[in-house]
1. Could you tell me the center-to-center distance, by alpha carbons, between the stretch 257-273 and the stretch 324-373 in angstrom?
2. Per-residue counts of other Cβ atoms within 10 Å, averaged by peptide: what ranking do you get for 465-478, 343-356, highest first?
3. How fast does the stretch 116-260 diffuse by Stokes-Einstein, in µm²/s, taking the Kirkwood radius from C-alpha pairs at 4 °C and 1.567 mPa s?
4. What's the angle, to the nearest 10 degrees (0 to 90), between helix 168-183's Cα axis and the longest principal axis of the chain?
5. How would you order 186-198, 79-91, 122-134, 405-417 from highest to lowest mean count of nearby Cβ atoms within 10 Å?
6. With everything on Cα atoms, drop me the angle between helix 370-386 and the longest principal axis of the chain, reported from 0 to 90° to the nearest 10.
7. If one takes the longest principal axis of the Cα atoms in the chain, at what angle in degrees, from 0 to 90 and to the nearest 10, does the Cα axis of helix 185-210 lie?
8. Kindly give the semi-axes, whole Å and largest first, of the ellipsoid equivalent to the stretch 264-421, taking each as the square root of 5 times a Cα gyration tensor eigenvalue.
């Protein structure tokens, strides 16, 4: 059989409806929107906004957020169409299997490990740093050897730089969230909802309080004149800033991994994906306007904590503590959604025989892929405990963008090969919207530099070795074996 053998859509849908490998449908539209917001709003909002305003766009950073949102919406609409046609766990992996064949499906599934597992590790390391800082504010000092990896220098709140032995707080949050995910999707969604409410509330407080202390002069000029160098202010600066802050939106695709646990996926998935993007875009634009209104954009250059600088323009010092709490909450929900997404992708790959059975074993009581959660709890914890964040940092973005490109291409293929299939949600202006999505996402991948491309290529080469060594031999589509009968 061909390496590009496609899995029929009818078979994908029939396999999801019964047997021992069945997930519980318990998520409504509100829970899906919360999952999307939980994955999107992280610390990037509190750091990237000031950097992009100072170096690229000035107060027009608000326009940059709108431009970046348009780019994400192209991909978001493609994800929405697929998630209503194929409401199955697995996200881009499942979509690729039905449109472009097994080999590309494997590549994108393996790539999603890069996005979710490595991303969760990266965020857990940052989560640890902020928790250490917050505890220091309350006079609690943790031993330096237990809050950093041996290869990652860490600047303590007192200004000292140390090298640790193990990053225990990062391990702790990964273990706790993994145990929560094993307990059940509904319980996980409820906890995520509480966390999202906390961090969104802090963002709204910053906006509603800061708006009263805005200085109109800080908006002049709203679009600073270009310096003569592409990307330094002017409209080219707005576009460059859009590329920088694009990564503040990454995460909405994780909503599609929960499609098999949505109560009414044909109705609820577009609401979850597009709804979370719309809400986050509004919050981002308002946040950017208040931030650049409180402080002139030139003062953000070289400032690691631009929000703290903006808060100093108000009489409310307690807001610094609240923002720090919001960042920790943001990191927590991002870790939760990434670990959720990873286990659901591997669940689908295991059902298809491309990975061992343990990844699709469902807990008899909790109806979750608990063994997959357990294995990746160990895997991600090791990265969190000992890896320097500089190594795992940007790998998440390039993996995500590759998934976006393949999903956009898949919409064009599916419209050509199966034009008459029911589509509860239809991506408008095909092929224009998918092509624009591919161009925007690939340009972002290009901008990440050769080092990240090299890491991606090495990871994919390892994945191809696994595919030809194990997955191709055990593929269900090649054996024509019903997955619910596998022992």
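1. The stretch 257-273 and the stretch 324-373 have Cα centres spaced 17 Å from each other.
2. Values: 465-478: 15.6, 343-356: 25.7.
Output ranking for 465-478, 343-356: 343-356, 465-478.
3. Working: Rh = 19.3 Å.
Using the Kirkwood radius from Cα pairs, D works out to 67 µm²/s.
4. 40
5. Numbers: 186-198: 18.5, 79-91: 27.1, 122-134: 23.2, 405-417: 20.9.
Result, highest mean Cβ count within 10 Å first: 79-91, 122-134, 405-417, 186-198.
6. 40
7. Between helix and principal axis, roughly 20 degrees.
8. Values: eigenvalues 279, 112, 55 Å².
Semi-axis lengths for the stretch 264-421 are 37, 24, 17 Å.
Since every read-out is calculated from the coordinates, none of them should be taken as a lab result. These numbers come from a predicted model, not from an experiment. Cβ sites come from the backbone with ideal geometry, for glycine too, and all protein chains shown count toward neighbours.
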